[in-house]
């Protein structure tokens, strides 16, 4: 596969998902010389008990753009409503066009199993869209030129750090986000409309405190870092070479969970 520039793309379901589980790693990749991109597949229109769908979508788009500005990332607009992230052909073609435009060699996205279907379907779409990056016979919307290059995919920890069957998800890699934690939280604060919504819908009386707790808990899991984000690498077939692990470029901020790797080899 041809080499590509240092480009990282985070694809998540809703505004604020990237900030909670992925933004620290994006910021560190910037410091490592990566061009960074940010996309929420859905517009967040259902994320309110106070405003109607259209108004909520406008508010959340404004907040997402502000968060992206704080993070210093390239912003890609959403392509559908909340709860309409479906694994269908049109959505896949549209996401394939984004992948072909950006040409990421690092793709960050949700885990394959998460607590809600928008997250799970976003993961499936992102992974499939990356697979089509070099398929000239698969048409994207709009049409974009295909190119074969290494694209390593990393799955973030689920928001609860549990899968959809309540099992603890252990990261294969820890990224030390302590040095960028303040900026990550600043970007998350841009999503001000989510305070009352997450309180009403998911009993998060403070989404900022919840994010802080998750960050510290993953840091504790690493047994080394104060704040951390957890990642698992996608299987390389069809995406990159078997030894491709570009997050290693983060140096001392990158930590392999050797117990996780040993269990993989044992088939556990």
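Per-structure values
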item	result
When the range 79-141 is reduced to its Cα atoms, the Kirkwood hydrodynamic radius in Å	11.9 Å
Coarse-grained scattering of the range 1-96 at q = 0.20 Å⁻¹, given as base-10 log I(q)/I(0) from a Debye sum over alpha-carbon atoms	-0.99
For the range 123-180, average projected area of the Cα convex hull in nm²	6.5 nm²
If the convex hull is drawn through the Cα atoms of the range 62-203, its volume per residue in Å³	140 Å³
Over the chain: Kirkwood hydrodynamic radius from C-alpha pairwise inverse distances, Å	18.5 Å
Proxy reagent accessibility, fewest Cβ within 10 Å first, across 60, 216, 168	168, 216, 60
Contour excess over end-to-end distance, with Cα ends at residue 252 and residue 160 and 0.36 nm allotted per residue	30.5 nm
Counting DSSP beta bridges with both ends in the range 7-266, the antiparallel % (nearest 5)	40 percent
Pairs of Cα atoms farther than 18 Å apart, the range 133-268, %	66 percent
Stretch gain in nm, segment residue 183-residue 138, where the contour uses 0.36 nm per residue and the Cα spacing is subtracted	12.3 nm
Label point distance in nm, residue 168-residue 81, each placed 7 Å from Cα along Cα→Cβ	4.0 nm
Residue exposure sequence - 151, 240 - by fewest surrounding Cβ within 10 Å	240, 151
Residues 229, 63, 259 arranged by fewest to most Cβ contacts within 10 Å	259, 63, 229
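Where a number appears in this text, it was derived from the coordinates with a stated rule and is not lab data. Every value quoted in this text rests on a predicted model; they were computed, and no experiment measured them. For neighbour counting, all protein chains shown are included, and Cβ atoms are generated from backbone atoms with ideal geometry for every residue, glycine included.
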